[in-house]
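Heads up: the structure comes next, in structure tokens.
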Amino acid sequence: MMFKLLFSVFATLSCILFAKALEVDTYDFLMPNVWPHRDELYLCTPIRISPHNNYYIVGFEPNATMHTAHHMLLYGCSEPGSNESVWSCGEMHRNEVDDLYNTASPCRSGSQIVYAWARDAPSLHLPKDVGFLIGKDSPIKYLVLQVHYMHRFPEDKVDNSGVFLKYTKERMLRQAGVILLGTGGTIPPNRVEQMETACTITEDKVIHPFAYRTHTHALGKLVTGYVVRQDDNGDVWTLLGKKDPQLPQMFYPVVSSRAIQRHDVLAARCTMNNTHDYPVRIGATNKDEMCNFYLMYWVENDTPLERKYCFTSGPPYYYWDRAREGLNNIPPAFV
Ligand SMILES: *[C@@H]1O[C@H](CO)[C@@H](O)[C@H](O)[C@H]1NC(C)=O
Ligand SMILES: *[C@@H]1O[C@H](CO)[C@@H](O)[C@H](O)[C@H]1NC(C)=O
Ligand SMILES: *[C@@H]1O[C@H](CO)[C@@H](O)[C@H](O)[C@H]1NC(C)=O
């Protein structure tokens, strides 16, 4: 009896003491001493993931300040946009000849967003047992870091903005994924405008949302994301997240983490207030606008959604009440 008790105490203790800690390493994914030689420059730098191993990213620690970097995005790619160590990768400058860096998109194929940062957002650590799979069994063969530099640097200054990646080689049961919802479109002068997007999940997967992030430029007032369950008695809209995009644009925990399934609709809306007396378009520079809602989720013993993006043409062409999905019970703006 005594022996049994002792043994069980010992067993419990050893479980606590010797529970295998996750072996986590850090990779410094930083710009290699780049010189932003003009305003509004987007630069990209790649890393090739060993195709012989699986790695799981479990955390992102940003190394940047908003004075220098307007935003940073981490893309997962099957092929990078360029084979150079640094290239110019701004969407608006695709046909522009840059005298210092060659121009290409972040990814040549298989583009998806893994992480995003702006406005001095703090580190992001994924929930227990959740990781982004990269390498051997993942379509992500390269990671590409994109930094949007707002201003030209002085002649003698270079930059090392980037992200410290926390990763492990141990298999995670739950793979993380991101779907980016957004719009194109134009905001008329002196108007409050709704920029809306929606997409039906068509893949037979169960996704568990856990974090969301919003992104607009200066005119964004509120960004909301929903999951809509379509029902004969009327659509049921469940809030995933709602944020003033002028606050730090970090990943926040979702409001509802209920599982999302096939036939559910993901929807996002940006309420924009154009205080200028000229129209403002969606575009890449700081003078343009953006309407983005990122949803981060995990899947268990499965691969993330193949669909990585959910975009509509935005105003004046697209609103929820004209959606193909036939949405009803649409929530009023400002809730
Ligand atoms: C990023 O980290 C490096 C050292 O790892 C440091 O020298 C550099 O100043 C940092 N850059 C920024 C923008 O914080
Ligand atoms: C990079 O190099 C590989 C191998 O030489 C080539 O197949 C690929 O097309 C190149 N990619 C780009 C974007 O130039
Ligand atoms: C939009 O901006 C104008 C001018 O600053 C302001 O008067 C108005 O209250 C704003 N509307 C909203 C909905 O934020």
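Since every read-out is calculated from the coordinates, none of them should be taken as a lab result. Bear in mind the structure is a predicted one, so any value in this text is a computation, not a measurement. Note that each Cβ is placed from the backbone with ideal geometry, even for glycine, and that neighbours are counted across all protein chains shown.
List, largest first, the extents of the alpha carbons of the range 179-322 along their principal axes, each in whole Å.
50, 34, 23
For residue 242, list the aspartates and glutamates whose Cα falls under 16 Å from its own Cα; do not include residues on the same chain fewer than 8 positions away.
Output for residue 242: 196.
Based on DSSP H runs of at least 4 residues, each adding -39500 (n - 2.57), what is the mean residue ellipticity at 222 nm of the chain after dividing by all its residues, to the nearest 500 deg cm²/dmol?
Per the formula, -1500 deg cm²/dmol.
Which of 157/221; 157/308; 157/243; 136/157; 128/308; 157/287 have a Cα-Cα distance over 29 Å?
Over 29 Å Cα-Cα: 157/221; 157/308; 157/243; 136/157.
Restricting to Cα pairs below 8 Å that are 6+ residues apart, what does the relative contact order work out to for the range 179-322? Please round to a whole percent.
Here the relative contact order equals 46 percent.
Debye sum, Cα scatterers, the chain, no solvent: what log₁₀ I/I(0) at q = 0.08, 0.10 1/Å?
Relative scattering, expressed as log10 I(q)/I(0), comes to -0.41, -0.62.
With each label point set 7 Å from Cα along the Cα-Cβ vector, what nm distance links residue 302 and residue 66?
3.6
Between beta-carbons, use under 9 Å as the cut-off and find the net charge around residue 248, counting Lys and Arg +1, Asp and Glu -1.
In short, 0.
Would you kindly derive the ³J(HN,Hα) couplings of the range 113-122 from the backbone phi angles with the Karplus curve 6.51 cos²θ - 1.76 cosθ + 1.60 (θ = phi - 60°), listing them in order in whole Hz, with x for Gly and Pro?
For the range 113-122, the Karplus curve yields 9, 10, 7, 9, 9, 7, 6, 6, 4, x Hz.
Relative contact order, percent, of the chain when contacts are C-alpha pairs under 8 Å separated by at least 6 residues?
RCO, the chain: 22 percent.
With N set to the residue count of the range 72-211, report its C-alpha Rg divided by 2.2 N^0.38 Å to two decimal places.
Ratio of Cα Rg to 2.2 N^0.38 Å: 1.25.
Let me make sure I get this right: for the range 4-172, a, b and c are the square roots of the gyration tensor eigenvalues over alpha carbons, sorted descending. Under 1.5 in a/c it's rounded, otherwise prolate if a/b > b/c, else oblate. Which is it?
It is prolate, given that a/c is not under 1.5 and a/b is the larger ratio.
State whether the range 53-134 is rounded, prolate or oblate according to the following rule on the C-alpha gyration tensor (a ≥ b ≥ c being the square roots of its eigenvalues): a/c under 1.5 gives rounded; otherwise a/b larger than b/c gives prolate, and the remaining case gives oblate.
The shape class here is oblate.
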